Amino acid sequence: MIRRSLARYIPRGVLLQVPPGVCANKMPDSIEDRQKLINRVRRLGGQIEALERAVENDAGFTEVVRLLAAGRGAINSIMAEVVEDHIQAHLLGVAERKPTRSEAEALEELLDVLRSYIK
């Protein structure tokens, strides 16, 4: 359901619906893609654990900032991959048909913009 903090912004009686053809809960279709994503998340977890250890052990400023930057880079990379996969699979329906030239160009332009903002 909707979190309570978000519910106050949505008028009563308004139903939130996912547009047709867009699946809100689906992640990568293939097991191989899902496993790659899981592996990346696990590596991120390792980076966060290294950051925690560095803070607990009073590591220097440079080391802590380096670990923070690495974690942020990993999160941004995972986010970019998830968003890109979602756009390709659900917004354009690339899995079902080949996009037209204008759709492919629009897709690339959108992905370029997203990549620049995520990084």
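All of the numbers you see were taken from the coordinates with simple rules; none came from a lab. Everything numeric here is computed off the predicted structure, so don't read it as measured data. Neighbour counts run over all protein chains shown; Cβ positions are idealised from the backbone, glycine included.
Laid out as a table, the results:
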item	result
Förster radius 41 Å - calculated FRET efficiency between L37 and D58 (Cβ-Cβ, nearest 0.05)	0.75
Residue order, fewest to most beta carbons within 10 Å, for D85, D33, D112, D58	D58, D112, D33, D85
Computed lengthening from S77 to I118, 0.36 nm per intervening residue step minus Cα-Cα distance	14.0 nm
